[in-house]
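Colleague: Sharing a structure, written as structure tokens. Questions coming.
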Amino acid sequence: MNGKEIIDVAIKQAKKQARSKKKWKEADLIKINSIHAITLGFLNTYIKESSEELTDFQKQLAETMINIKEKNKQIQRIKASIQILKKLKEEYEIKLKFGDTPKQNQQTMKEYLGRYSSVMKKIKTDKLEKYIKNLNQLPKIKKMNTIIIAGYPNTGKSQLLKTMSGHKVQTAPYPFTTKELLIGYVKNRYDKVQLIDTPGILDRPIKKRNEIEQKAVLALKYLSKNVLFLIDTSETCAYTIKEQENLLNEIKKKFNPKIITVQTKIDLPHRQIKTDYKVNTKDKEQVEELRKKIIKKFF
Ligand SMILES: Nc1nc2c(ncn2[C@@H]2O[C@H](COP(=O)(O)OP(=O)(O)OP(=O)(O)O)[C@@H](O)[C@H]2O)c(=O)[nH]1
Ligand SMILES: [Mg+2]
């Protein structure tokens, strides 16, 4: 809700609360107090929900989705408005208390509403609302044994997550199908392992990487050192093996991970290169074999 919408709700509810009061002065005092309390209730909720402590990973992930500076500006403006609203309410509450006639208080109330509304109309909450919505959509990453699936777009990362964990995720024959970090769980001998499917990354300078690629980069930076790097040697992903190997080398250099390389789409005509394992990610048996091997190697 923006400021204007909050005004409507606050005034409507305040009128309702004051309705049963017979004494004119009491009714006006209840009205002004209710308007103030309801308004601050809304504004403080926005501030609270958008000021929650985040981990560095969450902060940076949120930054790929929204301009944090703009969000903070809106919070600062709301905080300043709250101070003005508090002063206004105190000032007019006193005026109402010492009002001599209903007519005089009617005039005082009108004045208060005018000044209250002009403060409220300037309040914008769109950036905050977007931020809060995005916060709620941040992936729920657990602190447990974790493997990150990384690689170029369209190489079979999501298909591997799907076959290995049973998690129903979208796969499609075009790049950047996955736009978020997706999580699945695979069984280990006694417990479970968290598998994080990331959006595809292109081998290009970090500044040129789009927001979707950034999410994968953040996962590699913060979430786990265990990386399963997929290479599509059929090149049906539309990228060359060379490009994919360049990315692999960059990831090795930058994050120093414990890396396992896996060649995908081996059911299609493909070139032979040296990787740790090979798999048709749609083949349950092959994927089950792969699961056992990688878990043994990583943990
Ligand atoms: N034949 C064959 N097709 C595969 C294999 N793995 C994936 N595919 C197909 O390749 C396409 C891309 O697979 P995805 O799992 O969506 O690829 P991704 O790496 O998650 O792609 P992005 O999310 O865009 O980065 C889909 O059409 C899959 O069905 C494989 O081992 N063999
Ligand atoms: Mg995907």
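Here, each number is a calculation from the coordinates, and none is a lab measurement. None of these values were measured; they are calculated from a predicted model. So basically every Cβ, Gly included, is an ideal-geometry build from the backbone, and we count neighbours across all protein chains shown.
Colleague: Only Cα pairs within less than 10 Å get springs; with that Gaussian network setup on the chain, which residue of Glu90, Glu49, Glu129 has the largest fluctuation?
Modeller: Top of the fluctuation ranking is Glu90.
Colleague: Over segment 1-70, what is the mean sequence separation of C-alpha contacts under 8 Å (at least six apart), divided by residue count, expressed as relative contact order in percent? Could you put the intermediate results ahead of the total?
Modeller: Working: 28 pairs, mean separation 19.1, N = 70.
That works out to 27 percent.
Colleague: Consider all pairwise Cα distances in segment 41-94 and report the whole-number % of them above 13 Å.
Modeller: 66
Colleague: If you don't mind, another one. Exposure proxy check: Lys207, Lys127, Lys48, Lys282 ranked by fewest other beta carbons within 10 Å?
Modeller: Lys207, Lys48, Lys282, Lys127
Colleague: Toward the positive end of the charge dipole of the chain, about the Cα centre and with charges on Cβ (Lys, Arg +1; Asp, Glu -1), which of Tyr185, Ile149, Val9 goes farthest?
Modeller: Toward the positive end, the furthest listed residue is Val9.
Colleague: What does the charge count around Ser158 come to, taking other residues whose C-beta lies under 12 Å from its C-beta (Lys +1, Arg +1, Asp -1, Glu -1)?
Modeller: Result for the neighbourhood of Ser158: +3.
Colleague: Next question. Among Tyr222, Gln76, Asn136, which residue has its Cα positioned farthest towards the positive end of the charge dipole of the chain, with +1 placed on the Cβ of Lys and Arg, -1 on the Cβ of Asp and Glu, and the dipole taken about the Cα centre?
Modeller: Gln76
Colleague: In deg cm²/dmol, rounded to 500, what helix-only [θ] at 222 nm does the chain give when every DSSP H run of at least 4 residues adds -39500 (n - 2.57) and the total is split over its residues?
Modeller: Dividing the helical sum by the residues of the chain leaves -18500 deg cm²/dmol.
Colleague: Determine by what factor the alpha-carbon radius of gyration of segment 183-299 differs from 2.2 N^0.38 Å, reporting the quotient.
Modeller: Cα-based Rg divided by the globular estimate yields 1.07.
Colleague: Roughly how large, in nm² to one decimal, is the mean projection of the convex hull of the alpha-carbon atoms in segment 1-99? Present the calculation step by step, with values, prior to reporting the outcome.
Modeller: Values: hull surface 29.3 nm².
Directional mean of the projected Cα hull area for segment 1-99 stands at 7.3 nm².
Colleague: Return a whole-number percent for the relative contact order of the chain, with Cα pairs under 8 Å and 6 or more residues apart as the contact set.
Modeller: The normalised contact order for the chain reaches 16 percent.
Colleague: Using every pair of alpha-carbon atoms in segment 70-128, split the distances into 10 Å bins beginning at 0 and state the percent of pairs per bin, rounded to integers.
Modeller: Taking all Cα pairs of segment 70-128, the binned fractions are 22, 40, 23, 12, 2 percent.
Colleague: Return a whole-number percent for the relative contact order of segment 1-125, with Cα pairs under 8 Å and 6 or more residues apart as the contact set. The partial results should precede the final answer.
Modeller: On the way: 93 pairs, mean separation 50.8, N = 125.
Taking the mean separation of contacting Cα pairs over the length of segment 1-125, I get 41 percent.
Colleague: Dividing the convex hull volume of the alpha carbon atoms of the chain by its residue count, what do you get in Å³ per residue?
Modeller: It is 156 Å³ per residue.
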